[in-house]
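J.: This structure is in structure tokens; I'll ask about it shortly.
The values are calculated or read from the model by the stated rules, or taken from the named source; none is laboratory data. Nothing here was measured: the structure is a model prediction, and the numbers come from that model. When we count neighbours, we look across all protein chains shown, and the Cβ atoms used for this are built from the backbone with ideal geometry, even at glycine. When the accessible area is computed, the model is the full protein with side chains, heavy atoms only, and any ligands, DNA or RNA have been set aside. Shrake-Rupley method; radii C 1.70, N 1.55, O 1.52, S 1.80 Å.
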Amino acid sequence: MHIAEGYLPPLHAAAWTVAAAPFVVHGCRALVRQVRTDPESKLLLGAAGAFSFVLSALKLPSVTGSCSHPTGTGLGAILFKPPIMSVLGCIVLFFQAVILAHGGLTTLGANTFSMAIVGPWVGYGIYALIRKLGGGLGVAVFLAAALADLSTYCVTSIQLALAFPDADSGVFGAAVKFGSIFAITQVPLAISEGFLTVLVIRLLIKASPGELSRLGVVRDSVRRSGASAASVGEVAA
Amino acid sequence: MSRFSAINMLLFLGVITLVAVPLIFVSGEFAGSDDQGQAQIEKSHPNYKPWFHSVYEPPSGEVSSGLFAIQAAIGGGALGYYFGVARTRRRITGGGPDSGWSSPGLPAGDGSGNRKRADAGGRAAGGSGSGGSRHN
């Protein structure tokens with residue numbers, strides 16, 4: 001989903017940067033607040049950023065015969081809410097643009113919008129919805145992570161289609177073309193990311209239940225089900 | 001193997017399978033989708049010239065893959081560090097709950113009661129989990 005440096009016309013690049021900026025600024029404030037009110041969560045914040053750092057560097061083969069990478073933003077969105085994940089994602093994208101020539105500074109706004117804003121919000125929305133409807137934690141985390149990943153690539157396809165509409169079929173035709181490159185390749189990877197995120201959440205619940213309870217990931221399920229075994233058993237199921 | 005580890009193993013195997021199946025059964029060049037997207041732009045808009053170039057471009061595929069490996073290593077290292085710290089923290093507090101979980105200072109309200117029960121459940125579901133793993 002990394003749109004390469006210079007591959008968005010200046011107007012588009014500027015527009016996406018302007019669109020992404022308020023989310024990142026708001027996220028910075030949320031991040032400062034988080035660290036101030038709960039200094040112990042700093043380490044987990046780093047871990048959530050690290051998860052995205054690893055996954056977005058990991059190019060995996062897909063059924064379409066091409067390679068792509070997951071985004072790793074679902075985890076941070078579930079743990080710390082989307083605004084904070086926006087900042088972490090933006091930092092990851094910045095490093096990749098500067099050090100790896102992966103993505104770019106002119107396309108940082110557009111890439112941030114897809115990977116660090118839409119992805120986390122979609123993921124968190126799905127997560128919150130499933131939890132509210134009484135769905136299990138495991139299912140909620142799986143779908144959140146998978147759809148955060150997939151939606152990111154859909155946004156990238158739309159961004160490219162808007163900048164490079166097809167000569168015959170226009171923006172819609174171009175979106176279908178870019179979608180067939182990005183979104184379809186991404187389906188198995190999104191499922192992989194879902195599995196991985198559930199795995200990490202399970203390990204986190206075991207390693208630091210207190211921290212996840214403070215963040216509301218575990219407590220919610222306990223409150224809902226009333227019984228303890230169900231909360232972790234749910235993730236296990 | 002406890003139920004907890006068995007499910008973790010299954011999740012891990014699921015990821016491995018999803019990666020392995022295309023490599024075995026699909027014949028393709030496995031080029032990056034980012035590059036394919038770029039190629040698509042060049043095909044449909046041959047006149048488009050990128051107007052800005054990367055500040056730093058790795059000189060070769062080898063250097064680039066090395067940088068990617070470093071990126072993954074840093075991320076993996078940070079994640080591992082977190083789990084190490086969390087594990088040690090739990091071990092020091094007697095294999096018990098994380099700090100702030102059932103600390104004496106915590107008011108014994110509805111919330112904390114629930115939390116304690118959650119922790120007990122965590123151990124039950126974990127099987128040879130938090131408590132047992134220390135002796136292994």
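J.: Quick check on my filter: what residues within the stretch B:51-65 are under 18 Å from A:Ala13 (Cα atoms) and surrounded by fewer than 17 Cβ atoms within 10 Å (Cβ to Cβ)? Quick ask: steps written out before the conclusion?
T.: Initial filter on the stretch B:51-65 (under 18 Å from A:Ala13 (Cα atoms)): B:51-55.
Those that are under 18 Å from A:Ala13 (Cα atoms) and surrounded by fewer than 17 Cβ atoms within 10 Å (Cβ to Cβ): B:Trp51, B:Phe52, B:His53, B:Val55.
J.: Between a first residue in the stretch B:1-22 that is more than 9 Å from chain A (Cβ to nearest Cβ) and under 16 Å from A:Leu58 (Cβ atoms) and a second residue that is at pLDDT 95 or above and not in a helix (DSSP H, G or I), which pairs have beta carbons less than 9 Å apart while being 6 or more apart in sequence or on different chains?
T.: So the pair list comes out empty.
J.: Tally up the residues in the stretch A:52-63 that are more than 17 Å from B:Ser64 (Cβ to Cβ) and either surrounded by 24 or more Cβ atoms within 10 Å (Cβ to Cβ) or more than 7 Å from chain B (Cβ to nearest Cβ) (or both), please.
T.: Of the residues in the stretch A:52-63, 3 are more than 17 Å from B:Ser64 (Cβ to Cβ) and either surrounded by 24 or more Cβ atoms within 10 Å (Cβ to Cβ) or more than 7 Å from chain B (Cβ to nearest Cβ) (or both).
J.: Can you find a residue that is open to solvent by 10 Å² or more (accessible area, probe 1.4 Å), over 22 Å from A:Ala13 (Cβ atoms) and either more than 11 Å from chain B (Cβ to nearest Cβ) or not in a helix (DSSP H, G or I) (or both) anywhere in the stretch A:94-101?
T.: From the stretch A:94-101, those open to solvent by 10 Å² or more (accessible area, probe 1.4 Å) are A:94-95, A:98-101; that's our starting set.
Filter once more, so that each one left must be over 22 Å from A:Ala13 (Cβ atoms): none.
No: zero hits.
J.: I would also like to ask the following. Can you go through A:Pro188, A:Pro209 and tell me which one is within 7 Å of another protein chain (Cβ to nearest Cβ) and either crowded, with 24+ Cβ neighbours inside 10 Å or of a type in the set (Gly, Ala, Ser) (or both)?
T.: Of the residues listed, the single one that is within 7 Å of another protein chain (Cβ to nearest Cβ) and either crowded, with 24+ Cβ neighbours inside 10 Å or of a type in the set (Gly, Ala, Ser) (or both) is A:Pro209.
J.: Which members of the stretch A:1-51 meet the condition of being among the aliphatic types (A, V, I, L, M), part of a helix (DSSP H, G or I) and within 14 Å of chain B (Cβ to nearest Cβ)?
T.: Matches in the stretch A:1-51: A:Leu11, A:Ala13, A:Ala14, A:Leu43, A:Leu44, A:Leu45, A:Ala47, A:Ala48, A:Ala50.
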